[in-house]
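Q: Take a look at this one; I'll ask things after.
The values are calculated or read from the model by the stated rules, or taken from the named source; none is laboratory data. A quick note: this is a predicted structure, and the numbers were derived from the prediction, not measured. A quick note on method: Cβ atoms are made from the backbone with ideal geometry, for glycine too, and the neighbour counts reach across all protein chains shown.
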Amino acid sequence: MNKQQPLLQINNLSLAYGAKEILKAVQLTVCPGEILGIVGSSGGGKSTLLKTLTGLLPANAVITGGEILWQGHSLLIGGRLNSSGLLGRKLSMIFQDPTASLYPLQTIGSQICTMLQAQGQFDKAASLQSAAQVLAGLDFSKPQAILNSYPFQLSGGMNQRVCIAMALLMKPELLLADEPTSGLDLLTQQKILRHLLQLKTDHHTALIVVSHNISALAQIADTIAVLRQGEIIESGPAQTILNRPQHDYTRKLIEAIPHFRKEFLL
Ligand SMILES: Nc1ncnc2c1ncn2[C@@H]1O[C@H](COP(=O)(O)OP(=O)(O)OP(=O)(O)O)[C@@H](O)[C@H]1O
Ligand SMILES: [Mg+2]
């Protein structure tokens with residue numbers, strides 16, 4: 001039993017886009033240094049849930065009920081979320097669409113320096129050096145060239161890895177990662193999962209990781225929640241969910257995991 005104070009508590013959170021109900025009484029808790037994996041159907045509300053926590057929802061989104069607590073303090077003021085004071089070293093996010101979080105008219109290196117400067121690191125050379133090291137760890141063979149590039153000069157998967165590098169450099173207390181490995185090759189996916197796990201082990205970062213791949217999530221997550229049509233239909237320790245799923249939908253997700261057969265590889 002984990003007795004430490006939760007970093008984040010989401011109690012009965014409900015949210016609608018206009019009249020359309022998207023999240024229904026969502027209940028989740030994340031403790032410091034814990035990895036929560038969220039799986040679920042496409043359009044089920046996973047990205048909406050993560051964006052709610054950053055306060056970056058479109059104007060038509062309305063929180064219709066519930067509360068969100070950061071270290072026991074409510075983040076909701078007059079039905080809107082006020083988490084701007086947390087963004088950066090406390091709370092960071094890797095978005096599902098990497099281009100949404102990169103500025104098109106600034107080089108990657110310059111964006112990383114601006115980001116680190118906002119967190120109090122003013123030594124540009126040191127920022128670029130640590131950025132190059134992190135990029136090299138994410139399979140970029142020429143990190144310097146990446147730092148000198150604009151986002152439009154890189155592929156979607158490269159921009160995705162750049163966003164992951166930025167999150168790794170930030171080392172927040174809670175990192176929200178929305179499908180951080182989708183669209184990447186399997187070896188790179190494994191490498192990114194290892195880096196996310198390392199954030200937890202080296203910096204005690206807590207993570208909420210959204211993925212369609214429940215078996216990949218189970219490799220790093222302490223707990224898994226299954227979100228279907230806006231409702232958490234099942235949650236618990238990752239291995240329990242994987243080995244003894246209670247809900248039919250979760251069983252189907254697990255059965256759908258592709259199994260590699262050795263004879264196909266020979
Ligand atoms: N700005 C918006 N205005 C109105 N409806 C929206 C808006 N953004 C998302 N939605 C709707 O909210 C629902 C949940 O979308 P969301 O992107 O959170 O799903 P998701 O679980 O992340 O899906 P995926 O796995 O495909 O990424 C969908 O029905 C979507 O059409
Ligand atoms: Mg999504």
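Q: Can you report the number of residues in the stretch 183-231 which are within 14 Å of ligand 1 (Cβ to nearest atom) and buried (at least 21 other Cβ atoms within 10 Å of the Cβ)?
A: 10
Q: I need the full set of residues from the stretch 109-127 which are surrounded by fewer than 16 Cβ atoms within 10 Å (Cβ to Cβ), modelled with pLDDT under 95 and among the hydrophobic types (A, V, I, L, M, F, W, C), in order please.
A: Scanning the stretch 109-127 gives Ala118, Phe122.
Q: Okay, moving on. Is one or more of the residues making up the stretch 23-38 within 14 Å of ligand 2 (Cβ to nearest atom), part of a strand (DSSP E or B) and touching a Lys or Arg at 6+ places or on another chain (Cβ under 8 Å)?
A: yes
Q: To continue, here is another question. Looking only at the stretch 1-34, count how many residues are touching a helix residue (DSSP H, G or I) at 6+ places or on another chain (Cβ under 6 Å) and surrounded by fewer than 15 Cβ atoms within 10 Å (Cβ to Cβ).
A: Result for the stretch 1-34: 0.
Q: In addition: In the same structural domain as Thr250 (by TED's automatic domain parsing), touching a helix residue (DSSP H, G or I) at 6+ places or on another chain (Cβ under 8 Å), of a type in the set (Gly, Ala, Ser) and within 16 Å of ligand 1 (Cβ to nearest atom): does that describe Gly37?
A: yes
Q: Could you check the stretch 196-231 and list, in sequence order, the residues that are within 15 Å of ligand 2 (Cβ to nearest atom) and assigned to a helix (DSSP H, G or I)?
A: Leu217
Q: Conditions: (1) more than 15 Å from ligand 2 (Cβ to nearest atom); (2) on the phi > 0 side of the Ramachandran plot; (3) modelled with pLDDT of 95 or more. Ile10 meets all but one. Number of the miss?
A: (2)
Matching residues to (1) closer than 20 Å to Gln111 by Cβ; (2) within 16 Å of ligand 2 (Cβ to nearest atom); (3) touching a Leu at 6+ places or on another chain (Cβ under 7 Å):
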position	(1), (2), (3)
Gln144	yes, no, no
Pro172	yes, no, yes
Gly183	no, yes, no
Leu186	no, no, no
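Q: Checking Ile146 against (1) closer than 20 Å to Lys46 by Cα; (2) away from ligand 1 (no atom under 16 Å from the Cβ); (3) of a type in the set (Val, Ile, Thr): exactly one of these is not met. Which one?
A: (1)
Q: Suppose we filter Ala118, Ala136, Ala132, Ala125 for residues that are farther than 22 Å from Arg89 by Cα, without any contact (Cβ under 8 Å) to a residue 60 or more places away in the chain and not assigned by TED's automatic domain parsing to the domain that holds Ile10; which single one remains?
A: Ala136
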